Structure formats: C-alpha cells, structure tokens
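Here the structure is laid out as structure tokens; the discussion comes afterwards.
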C-alpha cells in the first residue's frame, strides 16, 4: 500500500482523524521517497499514525488477493520479456500504485491527505537531511492529490522513475516499453480486485486489534477522540 492508500485506511478506521495522524500514517513512505530519517518525532499523534502505518502494512502484505495480483503481474511481465530484476521491482510497486489510483476520488481521503501535507510536522532531522524532506513537502503540496495514479501510463512512469537509479532493478533496452504495455493491460485487474482487498484489509486489522492499538478506541466508538 502506497502513501495515498494509507490516507484512505486512516479515514476508514477513524471517523474524523486528526491531520497529524494521517500524516504519520503516510510518513514512512514519504521518508523513503526522499531518503531522510528523523532522529526524533515530537508529536504523539504523528507517532500514532506511524504505528498505524506499520499495522496496515503488516496486514496488507499478507493478503491473498494482493499477493495474488503481484504474482500475476510478475508472470505477465516475465512472459512479455522483462528480466527478473525489473520484473520484481515493478510487480509489487505497480499493484500498490494501481490500488491507490482506484481510491483517488474518495473525498474524505483526499481531504485528509491535503490537510496532512499542509502541516509542518514536529520532526527533527540531521542537518543534511532536513532539506530533502522540505523539498519533498513542497513537491507534494504543489502536486496535490495524486490523481495521476488513475492512469496506467502515470503508474508506469512512476515505476520506471523509482527503478532508474537502482542498477539491479533498472529496466534496460526495450524493457521500459514492455513494462508500459503490460501495465496498461493490467490496470483493470487491480480496479476489479480493489474492493475485495480493502474489505479483507479492514477485516484483518479489526480481528488483530487489541486495546491500545492506534485506532482501536476511535473505531469502537465511531468517532475520533484524537
């Protein structure tokens, strides 16, 4: 699940999530995107969101409908002639991005996302990493809700950009074109599977939840106390 998907999860588990919780739920992905790691988080709501992010990923990455899509896409890429490294790099990420794209018109998630990225979070970075996060913040705010994820060509472009600087995963020769073609044909599979995946994710998280989980009290009461 990519960052916008985490915003969706927050709004489905918590009726009116605080923006800081939504930001925390997306923050691990944002930090990976810019290569920065805070040495301290000074906001308990952000910390709750981070914990929810990890809970969500732990459940999501084991869901049979999700892992099945990743295997299917990997098989299609291999059959098309994409080598093992790029195939593995694309299959997982593309499925996550496609799933985000199916939920991009969710108005509550979009509002939570925009409120979250507008925050100035209480994070302390090493001095050489702070500019990286600030640059990413500016880009996210300029771009707004990532509505381009609803288009297969944009998902392909994002995947290729992510892998371009990783020698073992970077597509070579005609592989970028092969990847674009396969992803264009595969987008509808993710759209069909998305409701099942999100239902299974919520069921998995609710069955595993214990008192003290970041969203447990909100979910049971039906309203946010954040």
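The values are calculated or read from the model by the stated rules, or taken from the named source; none is laboratory data. Worth saying up front: this structure is predicted, and the values here are computed from it rather than measured. Counting neighbours? That spans all protein chains shown, and the Cβs are built from the backbone with ideal geometry, glycine included.
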The residue that is surrounded by the most Cβ atoms within 10 Å (Cβ to Cβ), considering only those in segment 75-87 that are touching a residue at least 40 places away in the same chain (Cβ under 8 Å) and part of a helix (DSSP H, G or I), is 77
Exactly one of 47, 72 is without any contact (Cβ under 8 Å) to a residue 24 or more places away in the chain and either assigned to a helix (DSSP H, G or I) or crowded, with 21+ Cβ neighbours inside 10 Å (or both), and that one is 47
Residue 90 meets each of (1) within 20 Å of residue 201 (Cα to Cα); (2) under 17 Å from the mean Cα position of the chain (by Cα); (3) crowded, with 18+ Cβ neighbours inside 10 Å with one exception, condition (1)
- Would a scan of segment 110-132 turn up a residue that is under 16 Å from the mean Cα position of the chain (by Cα) and surrounded by fewer than 15 Cβ atoms within 10 Å (Cβ to Cβ)? no
Restricting segment 1-41 to residues that are out of contact with any helix residue (DSSP H, G or I) (no Cβ under 7 Å at 6 or more places or on another chain) and part of a helix (DSSP H, G or I), the one surrounded by the fewest Cβ atoms within 10 Å (Cβ to Cβ) turns out to be 32
Of the residues in segment 166-177, those that are surrounded by fewer than 17 Cβ atoms within 10 Å (Cβ to Cβ) and in contact with a helix residue (DSSP H, G or I) (Cβ under 6 Å, 6 or more places away or on another chain) number 2
Scanning segment 192-206 residue by residue, the ones that are within 16 Å of residue 76 (Cβ to Cβ) and surrounded by 13 or more Cβ atoms within 10 Å (Cβ to Cβ) total 1
Scanning segment 116-130 residue by residue, the ones that are outside any loop (DSSP other than H, G, I, E, B) and modelled with pLDDT of 95 or more total 2
Residue 113 fails exactly one of (1) outside any helix (DSSP H, G or I); (2) more than 17 Å from residue 193 (Cα to Cα), namely (1)
Listed by first then second residue, the pairs whose first member lies in segment 131-159 and is on the phi < 0 side of the Ramachandran plot and in a helix (DSSP H, G or I), whose partner is exposed (fewer than 14 other Cβ atoms within 10 Å of the Cβ) and at pLDDT below 95, with beta carbons under 7 Å and at least 6 positions apart or on separate chains, are 132/35
Going through segment 140-158 in order, the residues found to be more than 28 Å from residue 198 (Cα to Cα) and under 17 Å from the mean Cα position of the chain (by Cα) are none
Residue count, segment 94-109, condition assigned to a helix (DSSP H, G or I) and buried (at least 18 other Cβ atoms within 10 Å of the Cβ), comes to 10
